[in-house]
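Beneath this line is the structure, given in structure tokens, with notes to follow.
The values are calculated or read from the model by the stated rules, or taken from the named source; none is laboratory data. This is a predicted model, so every value here is computed, not measured. Positions of Cβ are backbone-derived with ideal geometry, glycine not excepted, and every protein chain shown enters the neighbour counts. With ligands, DNA and RNA removed, areas are computed over all heavy atoms of the protein, side chains included. Shrake-Rupley method; radii C 1.70, N 1.55, O 1.52, S 1.80 Å.
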Amino acid sequence: MNTQIKIPTTGLSLLALAAALAPSAIHAQVTPQRLLDSAKEPQNWLMYSGDYAGRRYSTLEQINTKTPPPLSPKWAYQTMAGGKFEATPLVVDGILYATGQDDRAFALDARTGRPIWQYQRALPGDVRPCCGRVNRGFAILGDKVFWARSMPMS
């Protein structure tokens, strides 16, 4: 089952590292060309592994081996679900889009951690997945995030 969620066109959001670098304006349009050129936008994380090359590496230089301690978190977000997280958050123009266990999805302001929106789909009580109630996260294109979720086998 696929779910499409429209991206808000106002507000800021996302990840602690991206928070320090988040732009003040929201573009909220992820074009195929932006995905191809994602390495040119190190403040964003537009796809799993960061880019099509799968480097899983950011060229941002604010945190590196020479950054003096102590580093400290700027904010934390409680998903209200225990268990494992196996998804990579996306960061787009200052908004962090992420999914969590038990079919939870949310968008956060990267600078503050303030929730922009949250969604949870009720799962059937008889779901018995092999490896936990996890998912693999979002994909993004245009002004929508896409969330592929598996349905329980009968």
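Looking at ASP51, ASP126, which one is closer than 25 Å to GLN29 by Cβ, among the acidic types (Asp, Glu) and more than 11 Å from the chain's Cα centre (by Cα)? Working first, answer last.
Working: ASP126 fails: closer than 25 Å to GLN29 by Cβ.
None of the other options fit; the residue is ASP51.
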Testing GLN78 on (1) touching a residue at least 24 places away in the same chain (Cβ under 8 Å); (2) under 15 Å from the mean Cα position of the chain (by Cα), one condition comes back false. Which one is that? (1)
Based on this model, can you work out whether GLN4 counts as outside any loop (DSSP other than H, G, I, E, B), surrounded by fewer than 13 Cβ atoms within 10 Å (Cβ to Cβ) and modelled with pLDDT under 85? yes
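Among the residues that make up segment 61-76, is at least one of them more than 26 Å from THR112 (Cβ to Cβ), out of contact with any Gly (no Cβ under 7 Å at 6 or more places or on another chain) and open to solvent by 100 Å² or more (accessible area, probe 1.4 Å)?
Of the residues in segment 61-76, the ones more than 26 Å from THR112 (Cβ to Cβ) are 65-66.
Still in the list and also out of contact with any Gly (no Cβ under 7 Å at 6 or more places or on another chain): 65-66.
Add one more test, that the residue is open to solvent by 100 Å² or more (accessible area, probe 1.4 Å), and what stays is 65-66.
Scanning segment 61-76 turns up at least one residue that is more than 26 Å from THR112 (Cβ to Cβ), out of contact with any Gly (no Cβ under 7 Å at 6 or more places or on another chain) and open to solvent by 100 Å² or more (accessible area, probe 1.4 Å).
Can you tell me which residue within segment 37-47, out of those that are assigned to a loop (DSSP other than H, G, I, E, B) and charged (D, E, K, R), is least open to solvent (accessible area, probe 1.4 Å)? Working first, answer last.
So the first thing to find is which residues in segment 37-47 are assigned to a loop (DSSP other than H, G, I, E, B), and the list is 37, 41-44, 46-47.
Imposing the further condition that a residue be charged (D, E, K, R) reduces the set to 37, 41.
Working: ASP37: 48, GLU41: 31 Å².
Filtering first and then ranking leaves GLU41.
Name the one entry in GLY100, GLY137, GLY125 that is without any contact (Cβ under 8 Å) to a residue 40 or more places away in the chain and surrounded by 19 or more Cβ atoms within 10 Å (Cβ to Cβ).
On the way: GLY137 fails: without any contact (Cβ under 8 Å) to a residue 40 or more places away in the chain; GLY125 fails: surrounded by 19 or more Cβ atoms within 10 Å (Cβ to Cβ).
Answer to the selection: GLY100.
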